[in-house]
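Coordinate-derived values only; no laboratory data. Note that this is a predicted model, so its numbers are computed, not measured. Methodologically, a virtual Cβ is constructed for each residue, glycine included, from the backbone with ideal geometry; neighbour enumeration extends over all protein chains shown.
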Amino acid sequence: MRDSCSPVRSRLPSILLAAALGLAATLLLVAPVEAEAEVTEIVFASGPDDTGTVQRLVDAFNESNRGAIEVTWRQMDRDNNAHRDQLVEVLSSGAGGIDLIASDVVWTAEFAKNKWVEDLTRRFYQAYERDAFLAPALGSATYRLRIWGVPWYTDAGLLFYRKDKLAQSGFAAPPATWQELADIARKVKQDSGTRYGFVFQGAEYEGGAVNAAEYIWSAGGELMSTQLTVTGMVMRGVTETDTVLVGSDAAARGLDIARKLVADQIAPAAVTDFREREALDAFLAGDAVFLRSWPYVYGALREAGFTSDQFGVAPLPAAAAGGRSASCLGGWNLMINAGSGTPERDAAWKLIRYLTDPAQQERQAREAGLLPILGTLYEDEMLVGDVPVIGLGKEVFTSRLYARPTSPFYSEISASIARAFNRTLTGDLTGAEAAQTLDRELQAIVQRNR
């Protein structure tokens with residue numbers, strides 16, 4: 001006899017399974033779907049890069065961090081002062097928008113004092129060995145004994161010259177003094193018909209302040225000095241005292257040297273409007289025998305097709321034989337916007353670690369002619385052979401490098417120096433008048449900002 005319940009028992013598992021599947025489907029429809037991990041998007045802002053190296057580095061970083069971090073590179077204004085103004089507008093708002101910035105070495109004190117950028121001291125010492133960096137470069141990222149940025153690449157004022165044209169006029173070596181530069185330039189101009197003997201940056205902007213400082217330093221003068229006073233066993237307080245030193249006879253001599261180069265038509269009268277771009281364009285066009293500029297020019301010349309037989313690089317001249325050659329410390333530091341969110345700041349730090357890695361530092365040197373910030377790369381014979389400006393950079397960094405004043409009100413100091421220098425070049429002021437004017441103005445700036 002057939003069990004009347006057997007059909008029911010045989011269907012029960014199927015019914016229960018169907019119900020369970022239906023319930024699961026319903027839950028899937030109403031329950032939130034777990035979101036995929038979000039990509040942290042950050043903006044990295046730096047100055048223009050005519051070689052395309054920065055964009056290639058950013059692209060490589062994005063590829064290696066696909067699905068986690070996406071970096072957008074924002075190119076800032078080519079003009080240094082306008083670049084700073086753009087950053088100040090963003091940073092002073094206390095918001096994001098730009099997460100990682102490339103900061104000129106002279107902006108460190110201002111950005112740090114205003115707490116616009118993150119104090120990276122703890123991060124730095126957890127990730128790096130201090131001695132791995134060139135001391136001047138790391139010093140430029142330090143304010144009141146705290147580290148506010150990580151050096152990205154460094155700079156020093158250099159003299160570029162047309163080696164081929166000097167050779168044709170019988171000169172085997174670049175000039176050691178400003179007077180030798182004038183003599184060589186005059187002869188080469190006469191022999192080759194080159195339009196200008198020497199071009200540099202004389203416009204009323206940061207580059208003009210830099211050039212002014214180099215002439216002053218080369219003649220034995222100074223601008224300012226700053227003394228730090230530390231209080232407390234654990235450095236509870238750090239104060240600074242600024243002393244203005246520019247009103248000296250030596251500073252006046254240095255400024256007179258610059259004026260004489262223009263007055264004697266070694267440098268064109270138009271140099272009073274020249275910035276980096278105009279000076280470089282004149283040299284690239286074959287219109288100048290000598291050019292004062294930064295190491296990146298090496299990469300620009302190579303990209304333009306110049307060979308090592310056509311141009312050379314040397315330290316800047318001294319005011320007199322046996323005197324000091326003085327190059328201004330330049331360069332850019334990587335800083336994190338303190339107003340960005342935690343994920344963005346962490347992602348920015350990861351990009352800093354990438355950009356300061358030896359492999360990327362070497363790539364920047366080869367592709368863009370930028371001086372690395374890691375000391376070991378200056379010992380790499382193959383790299384120095386391929387990019388000779390690195391070897392010269394090492395020489396300059398050991399004995400010829402000078403830094404501009406470290407001050408949170410450096411923008412005021414710079415504007416005063418650039419203005420006095422420009423007026424000297426045009427003949428409105430003598431070197432002595434410019435030095436005394438600067439002394440009064442810088443004293444007033446120091447007093448006003450105490």
Trypsin sites (Lys or Arg not before Pro) restricted to DSSP loop in segment 268-365 with at most 16 other C-beta within 10 Å: Arg324
Which whole-Hz ³J(HN,Hα) couplings does segment 184-191 yield from phi under the Karplus relation 6.51 cos²θ - 1.76 cosθ + 1.60, θ = phi - 60°, glycine and proline marked x? 5, 4, 4, 5, 5, 4, 5, 6
Compute the relative contact order of the chain as a whole-number percentage, counting only Cα pairs closer than 8 Å that sit 6 or more residues apart in sequence. 24 percent
Dimensions (Å) - the chain, Cα atoms, principal axes, largest first: 128, 55, 36
Report the longest stretch of the chain that contains none of the GluC sites (Glu not before Pro) sitting in a DSSP loop with at most 11 other Cβ atoms within 10 Å. 130-450
Summing Lys, Arg as +1 and Asp, Glu as -1, what charge do residues with Cβ under 14 Å from the Cβ of Ala182 carry, Ala182 excluded? +2
Counting helices only, and only those DSSP H runs with n ≥ 4, report the 222 nm mean residue ellipticity of the chain as the sum of -39,500 (n - 2.57) divided by its residues, in deg cm²/dmol to the nearest 500. -14500 deg cm²/dmol
How many times 2.2 N^0.38 Å is the alpha carbon radius of gyration of segment 254-376? 1.39
3J(HN,Hα) from dihedral phi, segment 125-140, Karplus parametrisation 6.51/-1.76/1.60, rounded to Hz, x for glycine, proline: 6, 6, 10, 10, 9, 4, 5, 5, 9, 4, 4, x, 5, 5, x, 6
Counting only other residues whose beta carbon sits under 13 Å from that of Thr53, what net charge do I get with K and R as +1, D and E as -1? -2
Round to a whole angstrom and tell me the spacing of the C-alpha centers of segment 142-156 and segment 398-450. 23 Å
Between Leu329 and residues 5 or more places away or on another chain, which pairs have amide H atoms under 5 Å apart, with H built 1.01 Å from N, and which residues are they? Tyr402, Ala403, Arg404
Please give me the summed charge of the neighbours of Arg324: other residues whose Cβ is under 12 Å from its Cβ, Lys and Arg +1, Asp and Glu -1. -1
Out of residues 5 or more away from Glu41 or on other chains, whose amide H comes under 5 Å of its own, with H placed 1.01 Å from N in the peptide plane? Glu70
Under a 10 Å cutoff between Cα atoms, tell me which one of Ala304, Ala135, Ala250 has the largest fluctuation in the Gaussian network model of the chain. Ala304
Enter the per residue convex hull volume of segment 380-445, computed from alpha-carbon coordinates, in Å³ rounded to the nearest integer. 138 Å³
Dividing the alpha-carbon Rg of segment 103-142 by 2.2 N^0.38 Å yields what? 1.19
With θ set to phi - 60° and the Karplus curve 6.51 cos²θ - 1.76 cosθ + 1.60, what are the ³J(HN,Hα) couplings of segment 98-111 in order, to the nearest whole Hz, using x for Gly and Pro? 10, 9, 10, 10, 9, 10, 4, 4, 7, 8, 4, 4, 4, 5
Expressed as a whole number of Å, what is the distance separating the alpha-carbon centroids of segment 80-113 and segment 342-380? 20 Å
Of Asn80, Asn333, Asn422, the most mobile residue in a GNM of the chain (C-alpha springs, cutoff 10 Å) is Asn80
